[in-house]
Amino acid sequence: MSSLQKRNFQSGDTIMTQGQHGDNAFMIEKGRVEILIEKEKGLVQRVGTRGAGTIIGEMALIDDEPRTATIKATEECSLLEINRKEFNRRLENSDPVMRMVMQIVLTRYRDMLSRAAILGEQSGANQPEDLEREYAEKSNAVDTFKIANEFALAIERDELSLHYQPMIDLKTGSINGFEALMRWHHPEQGDISPNVFIPIAEETGLIAKASLWAFETACKALSKFQALSDNHSDLFMSVNFSSEDFTNPQLAHELLNILNRTGIKPNNIHLEITERLLISHPTRAKETLEKCRDAGMEISIDDFGTGYSSLSYLHYYPIDILKIDRSFIKNMNEDKTAQELAKSIIALGQNMGMKIIAEGVETERDASEVRAMGCDIAQGYFFSRPQDLNSALNFVNSAEFDF
Ligand code: C2E
Ligand code: CA
Ligand code: CA
């Protein structure tokens with residue numbers, strides 16, 4: 001971390017001015033300042049002083065509202081400057097739990113101050129406790145915190161499950177694998193979408209445990225799918241991982257242990273990762289992915305085409321499969337550019353010896369189109385929605401697609 005910049009002020013110098021915007025706060029290292037508020041034009045009141053070890057002007061770290069007071073040095077001062085950009089950068093780099101708590105506290109602080117300012121002019125109907133309660137009821141931040149707290153217990157309480165969505169071999173029309181998708185049934189709130197709880201689990205670091213649980217559960221399910229008949233003995237299972245999972249240097253080792261325990265062959269496993277991961281944890285991700293791949297697992301890039309403009313990572317990492325994001329498939333029929341982009345992605349992947357999976361295939365037309373464009377595998381509501389294990393087991397026995 002870079003150190004904070006030091007600023008010196010002489011007695012009588014103005015450090016910040018009421019009504020002006022600022023994007024910095026100061027930590028007082030040495031000296032003393034006074035806080036002045038102009039309530040009416042020309043009527044300035046001294047509301048306090050601050051000395052070494054305190055912070056002034058901190059609201060500017062949160063938003064761009066005008067300063068609520070003027071602050072002047074009353075003796076020679078040495079201040080350490082914290083600007084908003086630097087503050088956010090430090091916050092981004094802090095421990096995920098710390099980051100979340102800070103964000104909640106800061107949002108709450110800002111909210112309460114601005115509401116108190118508005119309500120301050122009205123008669124005393126709203127006490128701070130009312131504000132606090134109202135805040136708790138309305139705030140997303142508190143919901144997020146609650147969800148994070150409860151997600152921590154969801155695994156033990158048996159509230160998580162996996163649904164399985166078939167993937168179809170476009171040459172034969174038969175199922176050749178599944179993607180495992182996490183589901184959370186909350187006892188009071190009912191089903192919570194993975195689009196809501198996965199980002200929170202990632203943010204708080206809870207995803208690591210959930211991912212290992214998902215991997216093991218998916219392997220156990222795969223052995224049931226494979227046991228259906230000889231035709232099914234080579235079905236694969238594709239499991240989603242987040243970039244946070246790759247901060248665990250033991251990940252490859254733990255996955256291999258699970259494969260051993262469940263008797264699943266590594267070459268029947270696809271690891272689905274996103275482009276974001278490859279950008280954020282380059283060296284460690286590379287090592288882990290190489291270990292997994294050396295063991296026989298295949299590496300698949302999820303939502304391909306939506307992430308980053310740089311494609312150089314395709315050479316750097318061991319990648320076997322590109323999953324074209326469903327936005328391309330969705331827009332393909334109306335939008336020539338989306339279709340051209342999808343074609344370029346397919347050509348790019350094929351030139352690099354990768355398999356191509358099309359996501360979000362919703363109609364028969366989508367299915368024949370992606371096949372004609374050279375995709376190997378397709379997945380989407382046209383074939384099947386994600387289903388619980390029992391329904392998926394029944395489905396495998398009956399399904400054969402002709403399109
Ligand atoms: P994803 O990995 O891109 O998964 C595909 C999502 O698209 C799934 O949503 C699936 O139900 C949905 N989908 C499948 N076919 C179609 C289709 O034809 N049309 C449309 N419109 N949607 C389709 P779901 O299950 O709600 O999951 C949302 C996201 O949550 C996933 O997107 C993935 O990013 C994340 N997720 C789910 N399970 C896990 C998990 O176990 N671990 C991690 N890290 N992320 C997960
Ligand atoms: Ca996925
Ligand atoms: Ca996807």
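Could you check, for region 90-110, whether at least one of its residues is part of a strand (DSSP E or B) and either open to solvent by 80 Å² or more (accessible area, probe 1.4 Å) or modelled with pLDDT of 70 or more (or both)?
No, because not a single residue in region 90-110 is part of a strand (DSSP E or B) and either open to solvent by 80 Å² or more (accessible area, probe 1.4 Å) or modelled with pLDDT of 70 or more (or both).
Here are Leu255, Leu259, Leu277, Leu235: which of them is within 15 Å of ligand 3 (Cβ to nearest atom) and surrounded by 16 or more Cβ atoms within 10 Å (Cβ to Cβ)?
Numbers: Leu255 fails: within 15 Å of ligand 3 (Cβ to nearest atom); Leu259 fails: within 15 Å of ligand 3 (Cβ to nearest atom); Leu235 fails: within 15 Å of ligand 3 (Cβ to nearest atom).
Just a single option satisfies the conditions, and that option is Leu277.
Hey, any hits in region 297-304 for a residue that's open to solvent by 20 Å² or more (accessible area, probe 1.4 Å) and within 16 Å of ligand 3 (Cβ to nearest atom)?
Yes: region 297-304 contains one or more residues that are open to solvent by 20 Å² or more (accessible area, probe 1.4 Å) and within 16 Å of ligand 3 (Cβ to nearest atom).
Please count how many residues of region 346-364 are open to solvent by 10 Å² or more (accessible area, probe 1.4 Å) and either modelled with pLDDT under 90 or among the hydrophobic types (A, V, I, L, M, F, W, C) (or both). Steps first, please.
Looking only at region 346-364, we keep the residues that are open to solvent by 10 Å² or more (accessible area, probe 1.4 Å), and these are 347-348, 350-355, 359-360, 362-364.
Add one more test, that the residue is either modelled with pLDDT under 90 or among the hydrophobic types (A, V, I, L, M, F, W, C) (or both), and what stays is 347-348, 352, 354.
The qualifying residues number 4.
Among residues belonging to region 291-329 that are polar (S, T, N, Q) and in contact with an Asp or Glu (Cβ under 7 Å, 6 or more places away or on another chain), point out the one that is farthest from Ile273 (Cα to Cα). Quick ask: steps written out before the conclusion?
Here is the first cut: in region 291-329, the residues polar (S, T, N, Q) are 300, 306, 309-310, 312, 327.
Then keep just the ones that are in contact with an Asp or Glu (Cβ under 7 Å, 6 or more places away or on another chain); that gives 300, 306.
Numbers: Ser300: 6, Thr306: 13 Å.
It comes out as Thr306.
Give the number of residues within region 221-242 that are in contact with a His (Cβ under 7 Å, 6 or more places away or on another chain) and more than 16 Å from ligand 2 (Cβ to nearest atom).
Of the residues in that region, 2 qualify.
Quick one: in region 313-345, of everything that is assigned to a loop (DSSP other than H, G, I, E, B) and open to solvent by less than 80 Å² (accessible area, probe 1.4 Å), which residue is nearest to ligand 3 (Cβ to nearest atom)?
Among those residues, the one meeting the criterion is Asp325.
Quick check on this structure: which one of Gly307, Gly353, Gly374 is within 16 Å of ligand 2 (Cβ to nearest atom) and without any contact (Cβ under 8 Å) to a residue 40 or more places away in the chain?
Of the residues listed, the single one that is within 16 Å of ligand 2 (Cβ to nearest atom) and without any contact (Cβ under 8 Å) to a residue 40 or more places away in the chain is Gly307.
Restricting to region 361-389, and then to whatever is part of a helix (DSSP H, G or I) and more than 16 Å from ligand 3 (Cβ to nearest atom), can you tell me which residue is farthest from Thr172 (Cα to Cα)?
Within region 361-389, the match that is farthest from Thr172 (Cα to Cα) is Leu389.
For region 346-360, how many residues meet the condition of being part of a helix (DSSP H, G or I) and more than 12 Å from Phe328 (Cβ to Cβ)?
So the count comes out to 5.
For the structure I just gave you, tell me whether Gly380 is within 16 Å of ligand 2 (Cβ to nearest atom) and not charged (D, E, K, R).
On the way: within 16 Å of ligand 2 (Cβ to nearest atom): yes; not charged (D, E, K, R): yes.
The answer is yes for Gly380.
The values are calculated or read from the model by the stated rules, or taken from the named source; none is laboratory data. Keep in mind that this is a model prediction, so the values were computed, not measured. Quick reminder, even Gly has a Cβ in these numbers, built from the backbone with ideal geometry, and neighbours come from all protein chains shown. Calculation scope for accessible area: heavy atoms of the full protein, side chains included, ligands and nucleic acids excluded. Shrake-Rupley method; radii C 1.70, N 1.55, O 1.52, S 1.80 Å.
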